[in-house]
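The values are calculated or read from the model by the stated rules, or taken from the named source; none is laboratory data. Keep in mind the model is a prediction, meaning the values are calculated, not measured. Cβ atoms come from the backbone with ideal geometry, glycine included; neighbour counts cover every protein chain shown. Note: accessible area is taken over every heavy atom of the protein model, side chains too, but ligands, DNA and RNA are not part of it. Shrake-Rupley method; radii C 1.70, N 1.55, O 1.52, S 1.80 Å.
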Amino acid sequence: MVEVIRAIILFADIHGSTEFGYSQPIGKYNEMLRDFHKTCHKAIEKFRRDEGLAPDRVMPTCRGDECCAFLRGGKPPEDELLAMRLAIYLKEMWRQSRFCRLTRKAAGLIPQVDLRIGIGSGEVALDHDVWSGSETLEGIRISEAKRIEGMADAASDTLIMVKLDIMEACVQAREKVEFGPRLRLQGKGVPDVVETAVYPVKTYAEWEAIQKKIVPSPKTYFERFGRALALRRSGDVEAALKEYSELLKQRPDDPNTLTNRGNFFYDLQRYDEALADYNRSLELRPDHPGTLRYRGTTLCELKRYEEALADYNRSLELRPDNPGTLYNRGITLGRLNRYGEALADYNRSLELRPDNPGTFNNRGNTLDALKRYEEALADFNRSLELRPDHPDTLNNRGAALDDLGRYEEALADYNRSLELRPDHPDTLNNRGITLCELKRYEEALADFNRSLELRPDDPGTLNNRGLALDALKRYEEALADYNRSLELEPHQSTALYNRACYLSLTQRYEEALPDLRQAIACDAKYQRMAREDEDFEGLGNDPEWGPEFWELVGTEDQP
């Protein structure tokens, strides 16, 4: 008789094991697998003892480079929380395994050998297996948990991905877990109609406490390194940073520790300190593709785009077709307005790592900059299918809809984005623009005011507020905003054009013409716009200044 039960299903896989297997003799690969199986057995037995669990509460099995464990029999959310803790036991005991210790010794570095873990849930069938002669569990939810594990790379901080049920159990139990944005389950055989939500784990407050059970008194350099990593994954960034700094007193020239501390500084937005650590790491270990990528990302944040580009180029020479580096280089190329090259990088990144929501979002931004609005909209839609309710992507889709003149839809996206992330200055500014298009100027003004409270003296928002004030016939206030915007960014063509419009309407033609001339020099589109703009009617008809205006903007038969 088949028994159907609900279980929490944990899948663990050795991250990078296939690459290791292809680069090593079969004996070395087999040695890794045997050690993995022994480590999983020890970890689960220790976990059972520490948690006081009966043997049948956890049903584990190992095959190849995968371990699957079923937790059953507890009342919700007990098994869900047990699965979260078991994930840390497996990861931390694997770090202490013989294989990882030998890898450290051989390389003299901290090995990048980690476990990738997915946690799912659902009904499974308990039935007799003719091959093993024992009771086994089967069901589609097991395959689903495997697909969740396959997405764990998106949880770059921890390599743990969980199903919605697990996330909700943690929230219900008030566990201190930080999750990343919601993603839609992807993977081999998962139909597009399946809307299963999964979440990357960013930090888990219990991590350090569990690590202390496995390594109570870290003595060696590598054990202390593990403690620092556990502190980071617990969310205690300052304590982890202190630990890394102490480690560097012991080994000031260890490139891995320097790179890791640099990553901490980056996370804290202390970019100059991050850059110093990456520079030193690369002096000690030149041409390391990962560190070059991290330094490139930091240089990009510091707006040193050409230097960032050089680092990404070198990283890709050393490790071609890395989708993450292509993605980062695409961002930098976009900042340099080299949109065609950025698009090529995003296209290649998506060939290598299809269905990455972040890459779809950024490619959408690039297509929008290239005025390929329908294609941009398709990318934003796909990104939101994979990562629903992501505030950045909703904001970006709103901008594309705005460009297509679909203002009510754009407004709905901005509203939802601001529900998820209130008081975001870019989204408030964008919503203000759309409200202006809908002639809802008082509401637009409120958004621009709030955006400028959050980010004072932003030239683009000042220009946009000037437009709203202009429409409300508050002309002197509008002029003050245009003037301030141009003080901050003297060659901002939109503000120059808008101020020229205002000066023309107030018959200050002599002042209007230099602004209009400079706007056209920045962007030739303003030549056509000025010919058709009623704001310049008085200037065009003025006997003294009209001829100069028409000489500047040309006639209708000119492009």
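Look through region 297-343, keep the residues that are of a type in the set (Asp, Glu) and over 25 Å from ASP355 (Cβ atoms), and return whichever of them is least open to solvent (accessible area, probe 1.4 Å). Checking each candidate, the answer is ASP311. Checking each residue in region 348-381 for being within 23 Å of GLY150 (Cβ to Cβ) and more than 17 Å from the chain's Cα centre (by Cα) picks out ARG348, GLU351, LEU352.
Scanning region 350-370 for residues that are modelled with pLDDT under 95 and in a loop (DSSP other than H, G, I, E, B), which turns out surrounded by the most Cβ atoms within 10 Å (Cβ to Cβ)? The selected residue is ASN356. Candidates in region 41-71 are the residues that are open to solvent by 70 Å² or more (accessible area, probe 1.4 Å) and part of a helix (DSSP H, G or I); of these, the one that is farthest from TYR89 (Cα to Cα) is ASP56. Against the definition (over 30 Å from PRO422 (Cβ atoms), surrounded by fewer than 24 Cβ atoms within 10 Å (Cβ to Cβ) and of a type in the set (Gly, Ala, Ser)), how does ALA378 come out, yes or no? Spelling it out, it is not the case that ALA378 is over 30 Å from PRO422 (Cβ atoms), surrounded by fewer than 24 Cβ atoms within 10 Å (Cβ to Cβ) and of a type in the set (Gly, Ala, Ser). Would you mind finding the one in GLU537, GLU511 that is among the charged types (D, E, K, R) and either under 26 Å from ASP457 (Cβ atoms) or not in a helix (DSSP H, G or I) (or both)? Exactly one of GLU537, GLU511 is among the charged types (D, E, K, R) and either under 26 Å from ASP457 (Cβ atoms) or not in a helix (DSSP H, G or I) (or both), namely GLU511. May I ask you to list the residues in region 214-232 that are open to solvent by 20 Å² or more (accessible area, probe 1.4 Å) and in contact with a Phe, Trp or Tyr (Cβ under 8 Å, 6 or more places away or on another chain)? ILE214, ARG232, listed by residue number. Taking the criterion of being open to solvent by 30 Å² or more (accessible area, probe 1.4 Å), under 23 Å from the mean Cα position of the chain (by Cα) and within 21 Å of ASP236 (Cβ to Cβ), the residues of region 165-198 that qualify are VAL171, LYS176, GLU178, PHE179.
Within region 454-476, count every residue that is surrounded by fewer than 16 Cβ atoms within 10 Å (Cβ to Cβ) and either of a type in the set (Val, Ile, Thr) or closer than 17 Å to PRO425 by Cβ (or both). So the count comes out to 4.
Looking at SER417, SER451, SER485, just one residue is over 28 Å from CYS522 (Cα atoms) and surrounded by 24 or more Cβ atoms within 10 Å (Cβ to Cβ), and that residue is SER417. What is the residue count in region 1-40 for residues that are assigned to a loop (DSSP other than H, G, I, E, B), without any contact (Cβ under 8 Å) to a residue 24 or more places away in the chain and of a type outside the set (A, V, I, L, M, F, W, C)? Residues that pass the stated criteria total 2.
The rows are residues; the columns are (1) surrounded by fewer than 20 Cβ atoms within 10 Å (Cβ to Cβ); (2) under 16 Å from the mean Cα position of the chain (by Cα); (3) at pLDDT 95 or above; (4) not in a loop (DSSP other than H, G, I, E, B).
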| site | (1), (2), (3), (4) |
| --- | --- |
| PRO388 | yes, yes, no, no |
| ASP392 | no, yes, yes, yes |
| ASP402 | no, no, yes, yes |
| ALA410 | no, no, yes, yes |
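Scanning region 245-263 for residues that are open to solvent by less than 10 Å² (accessible area, probe 1.4 Å) and more than 22 Å from GLY296 (Cα to Cα) yields one hit, LEU247.
Would you check if MET161 is open to solvent by less than 20 Å² (accessible area, probe 1.4 Å) and within 30 Å of LEU102 (Cα to Cα)? Yes, satisfied.
To keep it simple, each residue is scored yes or no on (1) free of Cβ contacts under 8 Å to residues at least 24 places away in the same chain; (2) among the β-branched types (Val, Ile, Thr); (3) touching a Phe, Trp or Tyr at 6+ places or on another chain (Cβ under 7 Å).
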residue	(1), (2), (3)
GLU317	yes, no, no
PRO323	no, no, no
LEU326	no, no, no
ASN365	no, no, no
LEU370	no, no, yes
ALA376	no, no, no
